[in-house]
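Notes to accompany the following structure.
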Amino acid sequence: MTQTADIAIIGGGIAGLSLAAAIGGRASVIVLEAEPELFHHTSSRSAQQMQPTYGPAPVRALTTASIPMVEAKADAAGVAIYLSRPLLWVHYDEAPDRFDDLLATVSGLTPIGADEAVRLLPALHRAPLVDAAIDLSAVEVDVPTLLAWYRADAVASGTAIVASSRVTAAERVGDLWSLTAGTETVEAPVVVNAAGAWVDRVAGLFGVRPRGLTPKRRTVAVAPASRQVDPRWPMASDVADLFYFRPRGETILASALEDTASEPEDAQPLDDIVQTVLQRVNAVTDLDLGTPIATWTGLRTLSPDTSPVVGFDDAVPGFYWLAGQGGYGIQTSASLAQVAAADLLGADHGLTGLDGVLEQLSPARF
Ligand SMILES: Cc1cc2nc3c(=O)[nH]c(=O)nc-3n(C[C@H](O)[C@H](O)[C@H](O)COP(=O)(O)OP(=O)(O)OC[C@H]3O[C@@H](n4cnc5c(N)ncnc54)[C@H](O)[C@@H]3O)c2cc1C
């Protein structure tokens with residue numbers, strides 16, 4: 001069967017669905033997802049944080065713009081989607097320059113010193129801690145609700161969502177792309193590559209130059225602590241990228257921030273990495289984390305400069321990148337989708353603080 005649309009989006013993760021929602025019926029859209037269910041891969045495996053002081057400059061600007069957008073939606077729905085979860089950057093002596101660099105380059109951080117950090121997060125051992133800074137604007141977000149909203153808004157504006165339809169071939173016929181996706185043929189003048197860890201492979205199907213977008217493993221463990229956990233503690237993140245952890249109810253969600261390159265795949269946790277998570281957090285706290293009650297691994301897909309890759313390809317017509325969201329695809333989703341939708345439609349995105357952001361994300365930079 002042949003279906004037609006103005007825009008075919010490849011990938012039913014947060015990137016693809018937030019874009020379909022932001023287009024909002026101003027063009028006809030079809031979303032093609034390889035898996036039987038939406039959001040099966042990285043989008044449902046995050047740490048659920050939105051942190052304006054985390055990531056490279058364009059990501060920080062997009063995150064700052066996204067937080068009030070999601071909040072406005074929550075207010076209109078009468079739903080609480082955020083928990084205040086300040087981001088406490090903790091500095092040990094492994095990487096002496098990093099803390100100073102962080103304070104010098106990232107606005108929105110308040111230096112508070114090690115004693116205050118331990119007062120705010122009493123599970124931290126005081127002795128090895130050198131310094132700390134806090135981002136009070138960071139929040140924990142209810143990701144399942146956010147994903148459900150993007151999906152509902154996309155469907156309400158007429159988006160067709162076709163699951164179990166992996167795009168395996170593409171051909172330019174006149175001014176249209178003709179895609180083979182499972183048993184479907186889809187024709188559209190514009191295709192959006194929102195395929196997460198598969199983006200460079202999808203580009204190859206279109207004869208588009210890959211941009212060095214590398215999937216990297218990251219594992220999270222949720223474990224009980226042997227001391228009482230206050231669910232309101234901030235999230236602690238090591239400046240040297242050795243660990244982060246935060247309360248998840250009365251348990252602890254933690255990661256050792258591994259960064260191992262991977263093939264695009266359905267990534268699964270490895271025992272030695274889970275043990276490293278527990279060891280690193282236990283070494284700097286009195287949490288004494290026990291056997292995890294849940295673990296998961298996802299692939300963060302990063303460009304060579306760690307900022308997303310967004311915009312029309314500079315060589316191949318009708319091919320749009322919405323890729324390389326790395327560890328920031330939740331926190332940037334609302335504003336990035338609005339910026340990309342406006343770009344695709346030749347409209348103004350209307351967001352403040354994002355002038356020039358598309359130039360910074362251009363696929364032509366690689
Ligand atoms: C452990 C971990 C913690 C994280 N924590 C956070 C956080 O706290 N905050 C934050 O902002 N971000 C976080 N992230 C990053 C965030 O989860 C990702 O940036 C985001 O989910 C990427 O979304 P996506 O839609 O690009 O990818 P995905 O969710 O992987 O979606 C891509 C989809 O494309 C489909 N696809 C691939 N190839 C094809 C094809 N040929 N045809 C059709 N469909 C195809 C796939 O099946 C997949 O469903 C974290 C990531 C990890 C791994």
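Any read-out appearing in this document is the output of simple, stated calculations on the displayed coordinates, not a laboratory observation. Just so we're clear, the structure is a prediction, and the values are computed from it rather than from any experiment. For neighbour counting, all protein chains shown are included, and Cβ atoms are generated from backbone atoms with ideal geometry for every residue, glycine included.
Could you work out the relative contact order of the chain? I mean the mean sequence separation of Cα pairs under 8 Å and 6+ apart, divided by the number of residues, in percent.
24
For the chain, give the share of DSSP beta bridges that are antiparallel, in percent and rounded to the nearest 5; count only bridges with both residues there.
Antiparallel bridges: around 70 percent, rounded to the nearest 5.
Based on the Kirkwood radius over alpha-carbon pairs, what is the Stokes-Einstein translational diffusion coefficient of the stretch 53-127 at 37 °C with 0.692 mPa s viscosity, in µm²/s?
221
Hey, got the dipole for the stretch 69-153? About the Cα centre, +1 on K and R Cβ, -1 on D and E Cβ, debye to the nearest 20?
On the way: 6 positive and 14 negative charges, 68 e Å.
Here the stretch 69-153 has a charge dipole of around 320 debye.
In whole Å, how far is the Cα centre of the stretch 303-366 from that of the stretch 18-93?
15
With contacts defined as alpha carbon pairs under 8 Å and 6 or more residues apart, what's the relative contact order of the stretch 3-156 in percent?
Relative contact order for the stretch 3-156 comes out at 31 percent.
Treating only the Cβ of Lys, Arg, Asp and Glu as charged (+1, +1, -1, -1), what charge dipole size does the stretch 282-359 show about its Cα centre? Round to the nearest 20 debye.
240
Just in the stretch 11-101: which GluC sites (Glu not before Pro) are loop by DSSP and have at most 13 other Cβ atoms within 10 Å?
Those that pass, being in a loop and sparsely packed, are Glu37, Glu94.
If a paramagnetic tag sat 7 Å from the Cα of Asp272 along the Cα-Cβ line, which residues of the stretch 280-317 would have the backbone N under 17 Å from that point?
280
In the chain, once you exclude exposed trypsin sites (Lys or Arg not before Pro) (DSSP loop, at most 12 other Cβ within 10 angstrom), what's the longest stretch remaining?
Here the longest segment lacking exposed loop sites spans 233-366.
With all pairs of different alpha carbon atoms counted, what Kirkwood hydrodynamic radius in Å does the chain show?
21.1 Å is the Kirkwood radius here.
What order do you get for 128-136, 101-109 when each peptide is scored by the mean count of other beta carbon atoms within 10 Å, highest first?
128-136, 101-109
Just to be sure I understand the model, the point goes 7 Å from the Cα along the line to the Cβ. What's the resulting Asp241 to Val155 distance in nm?
3.9
What are the ³J(HN,Hα) values, in whole Hz, obtained from phi via the Karplus relation 6.51 cos²θ - 1.76 cosθ + 1.60 with θ = phi - 60°, for each residue of the stretch 36-41 in sequence order, with x given for Gly and Pro?
Whole-Hz 3J(HN,Hα) from phi for the stretch 36-41: x, 10, 5, 6, 5, 8.
May I have the pair-distance distribution P(r) for the stretch 14-55, computed from all Cα-Cα distances with 10 Å bins from 0 and rounded to whole percent?
With 10 Å bins starting at 0, P(r) equals 23, 41, 29, 7.
Using the alpha-carbon atoms, what tilt in degrees (0 to 90, nearest 10) does helix 14-23 show relative to the longest principal axis of the chain?
Result, in degrees: 60.
Cut-off 19 Å, label point 7 angstrom out along Cα-to-Cβ of Asp6: give me the residues of the stretch 21-44 whose amide nitrogen falls inside.
Residues 21-32 fall inside that zone.
Place a +1 charge on the Cβ of each Lys and Arg in the chain and a -1 charge on the Cβ of each Asp and Glu, then give the dipole magnitude about the Cα centre in debye, rounded to the nearest 20.
Roughly 360 debye for the chain.
Considering only DSSP states other than H, G, I, E and B, which GluC sites (Glu not before Pro) in the stretch 157-258 qualify as loop sites with at most 14 other Cβ atoms within 10 Å?
Counting only loop positions with at most 14 other Cβ atoms within 10 Å, the GluC sites (Glu not before Pro) in the stretch 157-258 are Glu250.
Step through the residues of the stretch 264-273 one at a time and calculate ³J(HN,Hα) from phi using the Karplus curve (6.51 cos²θ - 1.76 cosθ + 1.60, θ = phi - 60°), rounding each to whole Hz and writing x for Gly and Pro.
x, 6, 7, 5, 10, x, 10, 4, 5, 5
Can you give the relative contact order of the stretch 114-217 as a percent, counting alpha carbon pairs under 8 Å and 6+ residues apart?
13
Angle between the Cα long axis of helix 333-345 and the longest principal axis of the chain, 0 to 90 degrees, nearest 10?
20
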